[in-house]
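The values are calculated or read from the model by the stated rules, or taken from the named source; none is laboratory data. Values in this document were obtained by computation on a predicted structure and should not be read as measured data. A quick note on method: Cβ atoms are made from the backbone with ideal geometry, for glycine too, and the neighbour counts reach across all protein chains shown. Calculation scope for accessible area: heavy atoms of the full protein, side chains included, ligands and nucleic acids excluded. Shrake-Rupley method; radii C 1.70, N 1.55, O 1.52, S 1.80 Å.
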Amino acid sequence: MLQLDLKTNKAASIDLLRLPLLGGLLKWRHARTLLQIPLFVIAVAMILHGLFGPVLAPRNLATTLTWIHFRGALVMVLLFAGNFFCLTCPFMLLRNLTRKFVHPVRNWPRRLRNKWFSISLFVVVLFVYEWFDLWASPWWTAWLIVMFFAGALVIDSIFKHATFCKFVCPIGQFNFVAATVSPFEVAVRDHDVCTQCRTKDCIRGARAPEAPLVVIQRGCELALFQPRKVGNLDCTFCLDCVQACPYDNVGIMSRLPAEELVRDPLRSGVGVLSRRKDLSALVVVFAFGALLNAFAMVSPVYVLEQRLANLFAVTTELPVLAFIFALFLIAEPVLLLGIAAWITRSVSSKQRSLVSTAARYAYALVPLGFGIWLAHYSFHFLTGVFTFIPVTQAAVAELGSAIVGQPRWGLTGMAPNVVQLFEFGFIALGLLGSLLVSYSIAATEELVHPVRVFVPWAALSLLLAAAAFWVLLQPMEMRGVVLGSG
Amino acid sequence: MMRLRHASLIHTLLVVLIFVSTTRAHEGPPYPLFVDQFVGSYSVSVWTDPDVGDALFYVILSEQHQPLPLDLRVQIGVQPVSGRLPEAFYPAERENLPKQVQYKAQVHFDAAEHWRVRVRLESASGNAETTATVAATPPGYGRWDLLVYLVPFLAVGIVWGVAMVRRFRQRTGDKHA
């Protein structure tokens, strides 16, 4: 079966690395650094402006670029291409520079070699975002960026390989999951070439012929061995494998989005999806977190918070917010996935535990979860896509230079009512994807009654999609775009 | 080749989808009429979403030398520049937002034309006001527009669905045969 897929890959894929100009640029040895430098400069400007610039979020580069442009561009690139943000990640520029002088010798602790720690950080970031109103706080946004830089630097200065990316970075985990729906993946062009390969440079790194212990080009730092790699999970698109392969046999190939969620083979560096409870949990947080994050931007959340505050007789936001998070990210998923898994088990011919059943089918929620993230982030991005212009003009003017002119505050973006149609479209596509994936999983797992197994998971997807549509129809808060409310 | 065709089609449709909307008239989210203008002892920014029908105005205030008075009331007055209607005032409601004092008013524009907008700030410690002009714009998109905008998503969904089903059959054909 694997061979069949691989041969199909070889025959039909578009390879971005073989495109004129773009391919040449991406294959250039210093391409990654070249792409990271501008983002690093922008990140530094955001930090400085966040710490020392205007306190009003819509007028500050830190908040505007982070919460409108970065997030929006991130999901758009994931939708149209793949995990190219990790390729251009500015945090890694500083880390790579440090690695020239610091050579860590320790391995990340074995008990932490999973996604549980990064899931916790992912939830913490979502929580802090709401608690500190990060979208409205340039100061805290700047410190968040600083913490990412510091985290990458410290972790990867102590531990070998790409420990920060694989086991720590919350943005990375988001990208890994979302990229399973992307149309491109880093993959082998011809598996016959790999069969003949004896050096395995894509994972071991290319060595100097005269000194076999000296690595002149590192291999995959995330332990993804190209011939056994399946899909985009844990792949940062760093292209080290492309540089290391002596046969020029690795490309960025087009593929069918979300198909990798259906298959359950042994994946290099990842293992078998259905046995990775931590990855399933990450997917669940990804999907339900999308709904929570979107819900938190609409007006009814304030009513809910006020009622909960009255109910608990508290005057601070922390316990109320903690309750909402526990409700959305623990109680709701446990209940809904538990019910779906219980029904599945009762109609299935397979003897699986509830947790194993839920873990297997949870991956079907990825397309819908991504659709909700996409709807949410694209709303801010498209309605405020031009806001970086006046904010940058104002920032330059604050430095006493008129070189870019007076701020043109009238530049905003697309009409919210148009963008709302896009939001509906993204969620509908996500729902379709989740239905397709859950049916495919059911039909793969159940040869006798796949439809019966499919029904509870379809119902779960429909329920979440209905909740997402409801959120979209609520009065939106224009966070960070112009008025920074909420 | 199936995969190649599907991928190309999906990409083309989505790219078209993104750019087609930029050819439409500008409506946009709220935009500023003016920013940080000194009005009396206040620094005032006014943002608006001036749709014909119900239009929104946001008045963001910050104190210059002293805290904002507790009894501060904000009103928005609108009148066609042509003078065909008398000036109508609408009260703005204070919104409790973190780190920001903001008032929101919903006013009525009955036609797409230029309107004079008066922002009036009243309190026991003194009144102040300023004016600006805004062009009211059509509110938006009807059923046909809805269909036009959603068709590309529908097309992408169909292509994706067909591709997934075919791939699934290709992969599991042996098992289900």
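Here are some notes:
- Per-residue mean of foreign Cβ neighbours for A:373-382 is 1 (Cβ atoms of other chains, 10 Å radius).
- Relative contact order for chain A, counting Cα pairs under 8 Å that sit 6 or more residues apart, in percent: 18 percent
- Surface listing: A:Thr141, A:Thr316, B:Thr130 arranged by accessible area from highest to lowest gives A:Thr316, B:Thr130, A:Thr141, probe 1.4 Å.
- Across segment A:335-486, the volume of the C-alpha convex hull divided among the residues equals 131 Å³ per residue.
- Among the protein heavy atoms of segment B:31-135, carbon and sulfur supply 49% of the accessible surface, probe 1.4 Å, non-protein parts ignored.
- Segment B:31-135: Cα Rg divided by the 2.2 N^0.38 Å rule of thumb: 1.04
- Derived scalar couplings ³J(HN,Hα) [segment A:209-215; Karplus, 6.51 cos²θ - 1.76 cosθ + 1.60; whole Hz; x for Gly, Pro]: x, 7, 9, x, 8, 8, 8
- Cα-based Lys proximity count in chain A, under 22 Å, for pairs eight or more positions apart or on separate chains: 22
- In order along segment A:342-357, phi translates into HN-Hα couplings of 5, 5, 4, 5, 6, 9, 8, 7, 8, 9, 10, 6, 4, 5, 5, 5 Hz, rounded to whole numbers, per the Karplus curve 6.51 cos²θ - 1.76 cosθ + 1.60 with θ = phi - 60° and x for Gly and Pro.
- Listed residues A:His69, A:Phe40, A:Pro58: farthest to the positive end of the dipole of segment A:35-112 (Cβ charges): A:Phe40
- Phi angles of segment A:420-428 translate, via the Karplus equation with coefficients 6.51, -1.76, 1.60 and θ = phi - 60°, into HN-Hα couplings of 4, 5, 4, 4, 4, x, 5, 5, 4 Hz per residue; Gly and Pro are given as x.
- Whether segment A:167-257 is rounded, prolate or oblate, judged on the alpha carbon gyration tensor where a/c under 1.5 counts as rounded: oblate
- MRE, 222 nm, helices only [DSSP H, n ≥ 4, -39500 (n - 2.57), over the protein assembly as shown, to nearest 500]: -16000 deg cm²/dmol
- Contour excess over end-to-end distance, with Cα ends at A:Thr195 and A:Val355 and 0.36 nm allotted per residue: 53.9 nm
- Any cysteine of chain A lacking a neighbouring Cys Cβ under 4.7 Å - listed by number: A:Cys86, A:Cys89, A:Cys165, A:Cys169, A:Cys194, A:Cys197, A:Cys220, A:Cys235, A:Cys238, A:Cys245
- Summed side-chain charge close to A:Asp264 - residues other than A:Asp264 whose Cβ falls under 11 Å, Lys, Arg +1, Asp, Glu -1: +3
- Whole-angstrom gap from segment A:356-400 to segment A:100-158, using each part's C-alpha centre: 19 Å
- Quotient of the Cα radius of gyration of the protein assembly as shown and 2.2 N^0.38 Å, N being its number of residues: 1.03.
- With the cut-off at under 15 Å, measuring from each backbone N in segment A:121-147 to a point 7 Å along the Cα-to-Cβ line of A:Glu398 picks out A:136-143.
- When all alpha carbon pairs of segment A:93-252 are counted in 5 Å bins from zero, the resulting P(r) reads 2, 8, 14, 18, 18, 16, 11, 6, 3, 2, 1, 0 %.
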